[in-house]
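The values are calculated or read from the model by the stated rules, or taken from the named source; none is laboratory data. This one's a predicted model, so the numbers in the text were calculated from it and none came from an experiment. A quick note on method: Cβ atoms are made from the backbone with ideal geometry, for glycine too, and the neighbour counts reach across all protein chains shown.
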Amino acid sequence: MEENRINILDIPFIHSTKKQFFHDIIIPSVENQRKLFIVTANPEIVMYANENPAYKKNILQADCIVADGVGIILASKLIRKPLPERIPGFELMELMLGYANQNKKSIFLFGAKDYVVKKAAQNIRKKYPDILIAGYHHGYVDLNDNTVLELIKHSNPDFVFVALGYPRQENWISRNMKKLNKGIYIGVGGSFDVWGGKVNRAPRLWRNLNLEWLYRIITNPKRYKRAAKLPKFVLHVLREKWKGFN
């Protein structure tokens, strides 16, 4: 599958639409009980990976890295290797939940505060009544603590959603997936906060206009510092592009 990867600052993004990725890669992996490690990366994650070799090594072990961020799409256009669309982690999670519901597959939720992950599990069960919730656990644990690993090992779920935020979620998956028998493993950041009703996702119009990042800043000004990293990311992409011309 190397020919389907686009390198942006040394991070290989899969060249695929969301639906194509789901149907061609995720579903066959579930049906054949193959383990799959998915990273949903935005410019902030790419910059962090290039500044932190240990984290970069971990995400490069992933089976697939998808473009979760309009900045990644912009970068792909700047280097004239355009990716077809964003693949947000929240929307991938929705597709997986729908599939699990239709096919009576099991899920495990790991992350967020205790009351948030409990509420998220309740709301998921309401929306997807035929889904099998193998278990859930809050994310306030030491990454060296094997409690959650043992819970997942015992319940053997088909999907494991890890909402610890980067870099913890990818580091945890990289360290522990090899110890488990099967499952789709994906870091989903703040998705449990949405499922738990703690925060609202951007309205569809904002998402369709690729302005979800702006909505997040308006509703949570603390995110401004994170968004401010985008210009630095673009400059790095342009610098790499200019190097290629020399």
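When you go through ILE27, ILE8 one by one, which is the residue that is at pLDDT 95 or above, farther than 24 Å from PRO167 by Cβ and within 18 Å of the chain's Cα centre (by Cα)?
Of ILE27, ILE8, the one residue that is at pLDDT 95 or above, farther than 24 Å from PRO167 by Cβ and within 18 Å of the chain's Cα centre (by Cα) is ILE27.
Only one of ARG216, ARG201 is closer than 24 Å to ILE38 by Cα, at pLDDT below 75 and outside any helix (DSSP H, G or I). Can you tell me which?
Being closer than 24 Å to ILE38 by Cα, at pLDDT below 75 and outside any helix (DSSP H, G or I) holds for just one of ARG216, ARG201, which is ARG201.
In the range 155-170, which residue that is closer than 15 Å to LYS57 by Cα and surrounded by 18 or more Cβ atoms within 10 Å (Cβ to Cβ) is farthest from the chain's Cα centre (by Cα)?
Ranking the qualifying residues of the range 155-170, first place goes to PRO167.
Yes/no matrix, rows are residues, columns are (1) not hydrophobic (A, V, I, L, M, F, W, C); (2) not in a strand (DSSP E or B):
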| site | (1), (2) |
| --- | --- |
| GLY135 | yes, no |
| ASP142 | yes, yes |
| LEU151 | no, yes |
| GLU170 | yes, yes |
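Residue by residue through the range 118-132, note down the ones that are in contact with a Leu (Cβ under 8 Å, 6 or more places away or on another chain) and buried (at least 16 other Cβ atoms within 10 Å of the Cβ).
Result: ALA120, ALA121, ILE124, TYR128, ILE131.
For the range 145-175, which positions are touching a residue at least 60 places away in the same chain (Cβ under 8 Å) and of a type in the set (S, T, N, Q)?
Hits for the range 145-175 are ASN171, SER174.
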